[in-house]
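What follows is one structure encoded as structure tokens, with my remarks underneath.
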Amino acid sequence: MFADKRAIAGVFLTTLIIISGCSGQTGNTLPPGGGQPLTEPAAVAPHGIDTDSPTSADRVTLNCFVDADRGNDFIVHGTFHLPGTAPEGQNVNPERFQVVIPATETVREAIRASVGQTVSLFGKFDSIYGTGQGLFSPVSLEASAQAVPQAPSWIGWGLIDNTQAGHFFECREGAALTDWVTNLSDLANALDLPTDENISDFLSRAEKNGGLAALKYKTNQVLLARPLVYDGDKALADIRAGSGQFGFVTSAKNLQNMLVHHADVRESDVKRFMSEAKGIWGEGDGPHKQAPATIFGIAEKNNTGIYVKGVQGDSFSEWMDIFRGKSLGYPVKWEALELPEQCLNSGNPVYCWFSGTRVQDPTTKQWYFSVGTVLTEERYDATMTTLSALLEK
């Protein structure tokens with residue numbers, strides 16, 4: 001799928017390469033307070049402009065949703081209308097967030113007043129700006145009759161490579177980090193991580209045997225490479241501070257890249273929570289509502305049944321607040337329907353991430369925690385060590 005998305009972007013740039021520049025439009029500036037354009041928009045560039053200029057196109061229209069104001073520039077997404085090989089021009093949707101730098105302060109203030117709305121921008125596109133995303137510089141704008149939907153929210157976890165890229169998988173808001181636990185557990189199993197061998201020895205043997213490429217391929221199939229765009233100074237600071245680290249991101253997604261809103265919860269926060277949460281558990285079930293939940297804690301078995309005790313979170317947002325230290329979650333003790341034997345070590349307690357669902361027996365009305373995936377602390381640490389090595393090589 002990612003290859004298909006890159007092909008879309010390639011078509012977009014190829015389209016721009018065959019178009020040369022001409023004078024821009026200047027008569028359609030939207031008043032800063034919004035409302036109708038001052039004059040009617042000029043027609044697009046006429047058919048037949050076809051030279052060897054590879055870098056820019058004038059008289060381009062961008063019908064877009066204004067996503068973010070970054071001070072000197074803006075982030076938008078939408079559809080370009082380009083002069084080109086047909087009298088009516090061409091519509092191209094690169095399906096990505098686009099950097100927009102207004103040509104004048106008047107246009108800047110008008111776009112600033114339009115954040116969260118759809119507008120039509122008129123100006124010049126430079127295809128060689130940045131890392132392939134291009135730069136659009138509007139000289140005028142008007143209200144648009146054709147709405148562009150706001151980009152859907154997207155949250156996930158992975159490695160922030162740098163301020164422009166990372167490797168992530170999705171975590172759904174209502175899934176309560178069950179996505180996170182399941183993906184990490186499945187990835188550990190797919191990589192066939194050993195349970196009784198040093199991870200460094202495992203990776204060294206894979207490198208000598210020529211198996212390292214296969215491990216990296218499996219990792220990249222789960223942690224997909226994604227271009228990043230930040231929505232403001234705070235998000236940029238988050239990304240910079242998190243570069244080279246694993247962490248969670250809250251963003252908007254428009255297929256080709258991600259517009260990052262928050263990236264302040266990192267692996268160090270997770271490790272701190274795990275350390276502080278050991279020994280914290282309650283005697284109650286917590287909320288009696290059938291829904292996904294994740295618990296970090298231990299399992300125990302006695303004469304009355306099998307139980308999971310620890311800290312419970314019921315949504316992605318709640319877990320982020322727990323990791324930030326803003327919430328303690330729910331200290332709980334749930335009766336579990338069944339558990340893997342590795343969780344029930346008779347010696348030292350085995351701390352685990354338990355992902356599952358709270359369920360109620362329709363006959364007895366008794367509430368239980370139905371465990372779906374278990375990731376022991378030891379397995380978690382081994383997985384993190386392996387992923388760090390594979391994504392850095």
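Assigned to a loop (DSSP other than H, G, I, E, B), more than 25 Å from Phe246 (Cα to Cα) and not polar (S, T, N, Q), is that true of Pro349? Yes. Just to be sure before I move on: is Phe168 at negative phi and at pLDDT 95 or above in the structure I sent? For Phe168, the condition - at negative phi and at pLDDT 95 or above - is met. The residues in the range 88-124 that are open to solvent by less than 50 Å² (accessible area, probe 1.4 Å) and over 21 Å from Asp231 (Cα atoms) can be counted, and the count is 4. If you go through the range 294-307 one residue at a time, do you hit one that is part of a helix (DSSP H, G or I) and buried (at least 19 other Cβ atoms within 10 Å of the Cβ)? Taking every residue of the range 294-307 in turn, none turns out to be part of a helix (DSSP H, G or I) and buried (at least 19 other Cβ atoms within 10 Å of the Cβ).
Could you check, for the range 212-227, whether at least one of its residues is over 24 Å from Asp67 (Cα atoms), touching a Leu at 6+ places or on another chain (Cβ under 7 Å) and hydroxyl-bearing (Ser, Thr, Tyr)? Yes, the range 212-227 contains a residue that is over 24 Å from Asp67 (Cα atoms), touching a Leu at 6+ places or on another chain (Cβ under 7 Å) and hydroxyl-bearing (Ser, Thr, Tyr). In the range 337-388, the qualifying residues are those that are crowded, with 20+ Cβ neighbours inside 10 Å and of a type in the set (Gly, Ala, Ser), and the one that is farthest from Asn220 (Cα to Cα) is Gly356.
For the range 253-269, the tally of residues that are crowded, with 21+ Cβ neighbours inside 10 Å and touching a Ser or Thr at 6+ places or on another chain (Cβ under 6 Å) stands at 3.
Could you tell me whether Thr250 is at pLDDT 95 or above, assigned by the TED database to the domain that holds Tyr368, part of a strand (DSSP E or B) and of a type outside the set (Gly, Ala, Ser)? Spelling it out, it is not the case that Thr250 is at pLDDT 95 or above, assigned by the TED database to the domain that holds Tyr368, part of a strand (DSSP E or B) and of a type outside the set (Gly, Ala, Ser).
Would you confirm whether or not the range 131-138 contains a residue that is open to solvent by 50 Å² or more (accessible area, probe 1.4 Å), over 23 Å from the mean Cα position of the chain (by Cα) and either in the same structural domain as Gln98 (by the TED database) or among the acidic types (Asp, Glu) (or both)? No, the range 131-138 contains no residue that is open to solvent by 50 Å² or more (accessible area, probe 1.4 Å), over 23 Å from the mean Cα position of the chain (by Cα) and either in the same structural domain as Gln98 (by the TED database) or among the acidic types (Asp, Glu) (or both). For the range 350-358, check the following and say yes or no: at least one residue is in the same structural domain as Ala213 (by the TED database), touching a residue at least 60 places away in the same chain (Cβ under 8 Å) and out of contact with any helix residue (DSSP H, G or I) (no Cβ under 9 Å at 6 or more places or on another chain). Yes, because at least one residue in the range 350-358 is in the same structural domain as Ala213 (by the TED database), touching a residue at least 60 places away in the same chain (Cβ under 8 Å) and out of contact with any helix residue (DSSP H, G or I) (no Cβ under 9 Å at 6 or more places or on another chain).
The values are calculated or read from the model by the stated rules, or taken from the named source; none is laboratory data. Since the structure is predicted, the reported quantities are computational estimates derived from the model, not experimental observations. Cβ atoms come from the backbone with ideal geometry, glycine included; neighbour counts cover every protein chain shown. The area values use the complete protein model at the heavy-atom level, side chains included, leaving out ligands, DNA and RNA. Shrake-Rupley method; radii C 1.70, N 1.55, O 1.52, S 1.80 Å.
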